[in-house]
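The values are calculated or read from the model by the stated rules, or taken from the named source; none is laboratory data. From a predicted model like this one, the values you see are computed outputs, not experimental measurements. All Cβ positions, glycine included, derive from the backbone under ideal geometry; neighbour counts span all protein chains shown.
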Amino acid sequence: MEIKCDRLRINYGGNAVINELSAAFPSRAVNIVIGSSGSGKSALLRTIAALNDPTDGTIYYDSKPHCELQSRFIRSKIGMIFQRPTLFEGTVYNNLTFGLEQQNMRIDDKEIELTLKRVGIPTSYLSKKGNELSIGEQQRICIVRSLLPRPIYFSLTNRPQP
């Protein structure tokens, strides 16, 4: 799924943080968004992931404008990790399976365990509560949660560039 932005404008707090952006993001490619604090990187990524609506302009997903697609469909194709990890109440296992259940997806527990191992989290953590984990461990759980549905796009936001 290729994503194209055509004359995209995003306002935040009454100010344009993205103004007239036209860009293409090919699927299965590494796409990097770099900018200073407040330059609109997170706003752009949230808008592409259908978490926010653009102020103006159009986002195309495989040539289909965003207004013709359901937000839930778009979100199912994009995995995002933000710089502040957010876990839901409950166990690590609950956190990993919640989104899958919302999308009516089933993942074998062995795949969950393999993905945990890939990011350096022991499978014994599946029964731990999210608030028992360090921030780094919480971040890795968020990465696993985003990878399990096998998104076409994956975005990892990090601290802003100076």
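So is Ile135 aliphatic (A, V, I, L, M), more than 21 Å from Arg28 (Cβ to Cβ), at pLDDT below 95 and not assigned by TED's automatic domain parsing to the domain that holds Leu8 or not?
yes
Kindly indicate whether Ile32 is over 19 Å from Ile143 (Cα atoms), outside any helix (DSSP H, G or I) and not assigned by TED's automatic domain parsing to the domain that holds Leu133.
no
I need the full set of residues from the range 65-101 which are over 15 Å from the mean Cα position of the chain (by Cα) and under 20 Å from Ile48 (Cβ atoms), in order please.
Matches in the range 65-101: Pro65, His66, Cys67, Glu68, Leu69, Gln70.
Could you check, for the range 6-25, whether at least one of its residues is out of contact with any Lys or Arg (no Cβ under 6 Å at 6 or more places or on another chain), assigned to a loop (DSSP other than H, G, I, E, B) and closer than 20 Å to Ile74 by Cβ?
Checked the range 6-25: no residue is out of contact with any Lys or Arg (no Cβ under 6 Å at 6 or more places or on another chain), assigned to a loop (DSSP other than H, G, I, E, B) and closer than 20 Å to Ile74 by Cβ.
Return the only residue of Gly136, Gly99 being over 22 Å from Ser22 (Cα atoms), touching a residue at least 12 places away in the same chain (Cβ under 8 Å) and either of a type outside the set (Lys, Arg) or in a helix (DSSP H, G or I) (or both).
Gly99
Tally up the residues in the range 83-114 that are of a type outside the set (Phe, Trp, Tyr) and closer than 23 Å to Phe73 by Cβ, please.
The number of residues fulfilling the criteria is 14.
How many residues does the range 57-89 hold that are crowded, with 19+ Cβ neighbours inside 10 Å, touching a strand residue (DSSP E or B) at 6+ places or on another chain (Cβ under 8 Å) and in a loop (DSSP other than H, G, I, E, B)?
Looking only at that region, the number is 1.
Across the range 20-39, what is the total count of residues that are more than 22 Å from Tyr61 (Cβ to Cβ) and not hydrophobic (A, V, I, L, M, F, W, C)?
5
Being farther than 23 Å from Leu69 by Cα and surrounded by 13 or more Cβ atoms within 10 Å (Cβ to Cβ) is the filter here; which residues of the range 31-40 pass it?
Hits for the range 31-40 are Val33, Gly35, Gly38, Ser39, Gly40.
Take the conditions over 30 Å from Asn15 (Cβ atoms) and in the same structural domain as Ala16 (by TED's automatic domain parsing) and apply them to Asp62. Does it pass?
yes
Between residues in the range 38-49 that are at negative phi and residues that are of a type in the set (Val, Ile, Thr) and part of a helix (DSSP H, G or I), which pairs lie under 6 Å by C-beta distance while being six or more apart or on different chains?
none
Search the range 1-30 for residues being among the polar types (S, T, N, Q) and in contact (Cβ under 8 Å) with a residue 40 or more places away in the chain, and hand back the single one that is surrounded by the fewest Cβ atoms within 10 Å (Cβ to Cβ).
Ser27
Would you confirm whether or not the range 148-157 contains a residue that is assigned to a helix (DSSP H, G or I) and either modelled with pLDDT of 85 or more or closer than 24 Å to Thr47 by Cβ (or both)?
No, the range 148-157 contains no residue that is assigned to a helix (DSSP H, G or I) and either modelled with pLDDT of 85 or more or closer than 24 Å to Thr47 by Cβ (or both).
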